[in-house]
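S.K.: What follows is a structure written as C-alpha cells; I'll ask about it next.
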Amino acid sequence: MNMKTSVAIEKAVPVADPDIARTEFRNAMARMAAAVNIVTTNGPAGIAGFAATAVCSVTDNPPTLLVCLNRGASVHPAVTQNGVLCVNVLSEAHQDLSRLFGGKTPVAERFAGASWSELSTGAPVLEDALVSFDCRIVRQADGGTHDILLCEVDAIRQRDEGQGLIYFDRAYHPAGKAE
C-alpha cells in the first residue's frame, strides 16, 4: 500500500502519558461538531436535567438512542434511578438554556428558563425543542468515567422550523438551513 503523509498534520501526540492523552483528546474532541441537547428526567428520584452532546442514534428497530452520562454529575442518581429520560434537541435560540443546564445552576432555576410538558414517560419535554425523544433506559454499560445509557424511544415530538444548535471548537454555532 502506497500512503502519503499529509502536510496538514501539525502534530502527532503519543498517548503514553495519561495527562497528555486526556488533554489532547479533549482538545481533539472540541474539533468534532456535535448537536446540543438537554436531557431531562423525572420520577421517584426527582426532576433533573443536563446539557449533552454525547448522544447518538443506535438503531431504528426498535428506535434506540445512546446517551453518555458522567458518573460524577449531580444528575446521575436521578437519571439512573428514574429509568426514563427525554433528549430535547436544541435550536440556535437555546444557547442560554444550554448554558443553564450545562453549569452548576440549581435545578429549579434550570427548568424555570423554559416551558415544559411531558409525553409518555413523565420526563420533561422542552416545548420548543426541534425534536424531543421520550425514552426508557433499557441498558447501562461502563464507559470509564461515564455510563453509556441505551434508551428505547417511547414517543417523538418534532417541529419543522428552526436551525439546530451545534457545539464546535468550544463555541455554539447554528446548523441546518436558514429560514
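The values are calculated or read from the model by the stated rules, or taken from the named source; none is laboratory data. The structure presented is a predicted model; accordingly, all values stated were derived computationally and were not measured. Cβ placement follows ideal geometry from the backbone for every residue including glycine, while neighbour counts extend to all protein chains displayed. Note: accessible area is taken over every heavy atom of the protein model, side chains too, but ligands, DNA and RNA are not part of it. Shrake-Rupley method; radii C 1.70, N 1.55, O 1.52, S 1.80 Å.
S.K.: Which of the cysteines in the chain are isolated, no other cysteine C-beta under 4.7 Å?
M.R.: Lacking a cysteine Cβ partner under 4.7 Å: C56, C68, C86.
S.K.: Apply 1/(1 + (r/R0)^6) to the Cβ-Cβ distance of M29 and E161, taking R0 = 22 Å, and write down the FRET efficiency to the nearest 0.05.
M.R.: Computed FRET efficiency for M29 and E161 comes out at 0.15.
S.K.: Turning to a different aspect of this structure: Distance between Cα centroids, region 53-115 to region 116-179: provide it in whole Å.
M.R.: 7 Å
S.K.: Using r as the Cβ-Cβ distance of A93 and D17, and R0 as 45 Å, what FRET efficiency do you calculate, to the nearest 0.05?
M.R.: 0.60
S.K.: For q values of 0.09, 0.11, 0.13, 0.14 Å⁻¹, compute log₁₀ I(q)/I(0) with the Debye formula on a Cα-only model of the chain, without solvent.
M.R.: Results for the chain at q = 0.09, 0.11, 0.13, 0.14 Å⁻¹ read -0.36, -0.52, -0.70, -0.79.
S.K.: Which angle from 0 to 90°, rounded to the nearest 10, does the C-alpha axis of helix 18-29 make with the longest principal axis of the chain?
M.R.: Taking the Cα atoms of the chain, the angle to 18-29 is about 70 degrees.
S.K.: Can you tell me the order of 26-37, 144-155 when each peptide is scored by its average per-residue count of other Cβ atoms within 10 angstrom, highest first?
M.R.: Sorting 26-37, 144-155 by mean packing, highest first, produces 144-155, 26-37.
S.K.: Given the rule -39500 (n - 2.57) for each run of at least 4 DSSP H residues, summed and divided by the residues of the chain, what is its mean residue ellipticity at 222 nm, to the nearest 500 deg cm²/dmol?
M.R.: Calculated from helices alone, the mean residue ellipticity at 222 nm is -5000 deg cm²/dmol.
S.K.: Return the carbon/sulfur percentage of the accessible area of the chain, one whole number, probe 1.4 Å, all protein chains in place.
M.R.: 53 percent
S.K.: Just add up the charged neighbours of E109: K/R +1, D/E -1, any other residue whose Cβ is under 13 Å from the Cβ of E109.
M.R.: That sum, taken over residues with Cβ under 13 Å, equals +2.
S.K.: Another question, then. Pairs of alpha-carbon atoms within less than 8 angstrom and 6+ residues apart define the contacts here; what relative contact order does the chain have, in percent?
M.R.: Taking the mean separation of contacting Cα pairs over the length of the chain, I get 24 percent.
S.K.: Roughly what would the spin-label model give for D128 and V107, points 7 Å off Cα along C-beta, in nm?
M.R.: Reported label-point gap for D128 and V107 is 2.6 nm.
S.K.: With a 1.4 Å probe and all protein chains left in place, how much accessible area per residue does region 75-179 have, in Å²?
M.R.: Using a 1.4 Å probe on heavy atoms only, each residue of region 75-179 averages 52 Å².
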